[in-house]
Amino acid sequence: MPSPAAPRLHHIAITVTDLDASVAWYERVFGIQHRLDAPHDGGLGKVLADDAWELMIVLHRHDANDGTGFTETATGLDHVGFAVPTRADLEAWQAHLEAHGVVPVDVANRPLTQSPIADEPYGSVLVFRDPDNVQLEFFSAPGA
């Protein structure tokens, strides 16, 4: 039996506490736009995408959400990582994030914070947090 085709990431979906505020933040930071609503049982999803629909982030409001902030130490999502071509791109993202209210700190462990770029053997990483404390990262390969 032949192996199945390798999957590609289609979208990420994140549950948020304030759908409108999160839509506005993701649109500003990632340069994507709200494209359509995706109602579901017990809530609403908003699909955000770039013009080519290559970067898609779906933000969800669930009626049963108790408003507790995100923590990567619970079972489920740990973080989302996005690749960028070079370390210089990470530096550009640092400035872009700060211009959009994501403040530099020693450790990004609160909403709307970003850590310094970490240069590791596997590449360089910029860690930051969205308004609900979801950990996001930009990554460039070693030597890039």
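Look through the stretch 128-144, keep the residues that are under 10 Å from the mean Cα position of the chain (by Cα) and in a strand (DSSP E or B), and return whichever of them is farthest from THR68 (Cα to Cα).
PHE138
What is the one condition in (1) at pLDDT below 95; (2) surrounded by 12 or more Cβ atoms within 10 Å (Cβ to Cβ); (3) out of contact with any Leu (no Cβ under 9 Å at 6 or more places or on another chain) that THR75 does not satisfy?
(2)
Looking only at the stretch 112-123, which residues are open to solvent by 10 Å² or more (accessible area, probe 1.4 Å) and over 12 Å from the mean Cα position of the chain (by Cα)?
Step one: list which residues in the stretch 112-123 are open to solvent by 10 Å² or more (accessible area, probe 1.4 Å), which gives 112, 115-122.
Of everything in the stretch 112-123, those that are open to solvent by 10 Å² or more (accessible area, probe 1.4 Å) and over 12 Å from the mean Cα position of the chain (by Cα) turn out to be SER115, PRO116, ILE117, ALA118, ASP119, GLU120, PRO121, TYR122.
Report, by residue number, each residue of the stretch 74-102 that is under 21 Å from VAL16 (Cβ atoms) and over 17 Å from the mean Cα position of the chain (by Cα).
ALA74, THR75
Only one of ALA38, ALA99, ALA92, ALA21 is in contact (Cβ under 8 Å) with a residue 60 or more places away in the chain and among the small types (Gly, Ala, Ser). Can you tell me which?
Within the list ALA38, ALA99, ALA92, ALA21, the selection yields ALA21.
If you scan the stretch 56-67, which residues turn out to be open to solvent by 50 Å² or more (accessible area, probe 1.4 Å) and assigned to a loop (DSSP other than H, G, I, E, B)?
Keep residues of the stretch 56-67 that are open to solvent by 50 Å² or more (accessible area, probe 1.4 Å), which gives 61-66.
Those that are open to solvent by 50 Å² or more (accessible area, probe 1.4 Å) and assigned to a loop (DSSP other than H, G, I, E, B): ASP63, ALA64, ASN65, ASP66.
Residues that are outside any loop (DSSP other than H, G, I, E, B) and surrounded by 14 or more Cβ atoms within 10 Å (Cβ to Cβ): does the stretch 2-12 have at least one? Please lay out each step first, then the result.
Start the filter on the stretch 2-12 by keeping residues that are outside any loop (DSSP other than H, G, I, E, B), which leaves 12.
Restricting the remaining residues to those that are surrounded by 14 or more Cβ atoms within 10 Å (Cβ to Cβ) gives 12.
Yes: the stretch 2-12 contains one or more residues that are outside any loop (DSSP other than H, G, I, E, B) and surrounded by 14 or more Cβ atoms within 10 Å (Cβ to Cβ).
So the check is Cβ under 9 Å with 6+ separation or different chains; which pairs have a first residue in the stretch 1-13 that's in contact (Cβ under 8 Å) with a residue 60 or more places away in the chain and a second one that's aliphatic (A, V, I, L, M) and surrounded by 10 or more Cβ atoms within 10 Å (Cβ to Cβ)?
ILE12/MET56; ILE12/ILE57; ILE12/VAL58; ILE12/LEU77; ILE12/VAL80
Could you look through the stretch 13-45, keep only residues that are open to solvent by less than 30 Å² (accessible area, probe 1.4 Å) and assigned to a strand (DSSP E or B), and pick out the one that is farthest from GLU98 (Cα to Cα)? Walk me through it before giving the result.
Within the stretch 13-45, the subset open to solvent by less than 30 Å² (accessible area, probe 1.4 Å) is 14, 16, 19, 22-23, 25-26, 29-30, 32, 43, 45.
Narrowing the set further to residues that are assigned to a strand (DSSP E or B) leaves 14, 43, 45.
Numbers: ILE14: 22, GLY43: 31, GLY45: 27 Å.
Selected residue: GLY43.
Can you tell me which of PHE139, PHE70 is open to solvent by 60 Å² or more (accessible area, probe 1.4 Å) and either under 21 Å from ASP18 (Cα atoms) or not basic (Lys, Arg) (or both)?
Values: PHE70 fails: open to solvent by 60 Å² or more (accessible area, probe 1.4 Å).
Exactly one residue qualifies, and that residue is PHE139.
Tally up the residues in the stretch 101-111 that are open to solvent by 50 Å² or more (accessible area, probe 1.4 Å) and in a loop (DSSP other than H, G, I, E, B), please. Walk me through how you get there before you give the answer.
First, the residues of the stretch 101-111 that are open to solvent by 50 Å² or more (accessible area, probe 1.4 Å): 103-104, 106-107, 109-111.
Those still in the list that are in a loop (DSSP other than H, G, I, E, B) too: 106-107, 109-111.
The qualifying residues number 5.
The values are calculated or read from the model by the stated rules, or taken from the named source; none is laboratory data. All values derive from a computational prediction rather than experimental measurement. Cβ: placed from backbone, ideal geometry, glycine included. Neighbour counts: every protein chain shown. Ligands, DNA and RNA are stripped out before the accessible areas are found, and what is left, the full protein with its side chains, is counted by its heavy atoms. Shrake-Rupley method; radii C 1.70, N 1.55, O 1.52, S 1.80 Å.
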